[in-house]
Structure formats: C-alpha cells, structure tokens
Amino acid sequence: MPKVQIHVDKEHTVHIDIAGPLNHTTWAAIRRECHELDDLRVVRVNLAGVQSIDSAGIGVLLMIRECAEKKNGRVMITGAMKNPNVNQIVKLAHLDKIFTIE
C-alpha cells in the first residue's frame, strides 16, 4: 500500500513524497489533493521511497504534470535515481524527457 504525503511550503512549492508502489492506489490519493491546490509554482515529487512503478503510476506522474501546467506550475521528480528499478522505468518511459529529474 503506497503512502503519500503532500505539503506546501511558504514559496508555494508543493512537495509530494511517495513511499511504496506507485500505482492506481496512489492515483486515488493524489487526484483529489492535486485539484484542490491553488497558486502553485513548483511541484516536487519525491520518488526516493518508491519500490516500483506500473503503467498507472506513470499515469499518476502525468496527471500531476497536467494539474501543475493548468496552474502555470512545473513538476520536478527527485529521488528516482536511488532505486535502479525506478530509474530504469523513468528512462524507459522517457519521463526524463518531459520532467526535470534531480
């Protein structure tokens, strides 16, 4: 079961920390929160605690990107390189071409 924590700092940066699998269950947890956020500038998605990503998980990242772009924000993915399996999925799905990876 994935664990998702979302908080906004004083610079209006949204921090989304995900632990466990990034899948359809994560989508449900993030979808509601994503659309309720206002005035965001940057969304930082921390994947350091993610063990695996499936196709629904890729969809989660794309949904976050779409939500941020509608509000003139941008998305940065952090921690993906800590797990070789996650890093490989990021590269195979070409997520490194549409997200800033740190």
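Being surrounded by fewer than 16 Cβ atoms within 10 Å (Cβ to Cβ) and out of contact with any strand residue (DSSP E or B) (no Cβ under 7 Å at 6 or more places or on another chain) holds for only one residue in H12, H7, and it is H12.
Just one residue in the set A56, A68, A80 is at pLDDT 90 or above, within 19 Å of E102 (Cβ to Cβ) and surrounded by 14 or more Cβ atoms within 10 Å (Cβ to Cβ); that residue is A80. If you go through the stretch 20-45 and keep only what is aliphatic (A, V, I, L, M) and under 14 Å from I77 (Cα atoms), you end up with L22, V42, V43, V45. For the stretch 48-83, the set of residues classified as among the β-branched types (V, I, T) and either within 17 Å of A29 (Cβ to Cβ) or in contact with a helix residue (DSSP H, G or I) (Cβ under 9 Å, 6 or more places away or on another chain) (or both) consists of V50, I53, I58, V60, I64, V75, I77, listed by residue number. Condition check: surrounded by 15 or more Cβ atoms within 10 Å (Cβ to Cβ), modelled with pLDDT of 95 or more and of a type in the set (S, T, N, Q). Does N46 satisfy that? The answer is yes for N46.
Is it true that L61 is free of Cβ contacts under 8 Å to residues at least 60 places away in the same chain and more than 17 Å from E102 (Cβ to Cβ)? No: the conditions fail for L61.
The values are calculated or read from the model by the stated rules, or taken from the named source; none is laboratory data. Note that the structure is a prediction, hence the values are computed from the model and not measured. Every residue, glycine among them, receives a Cβ derived from its backbone with ideal geometry; neighbour counts consider all protein chains shown.
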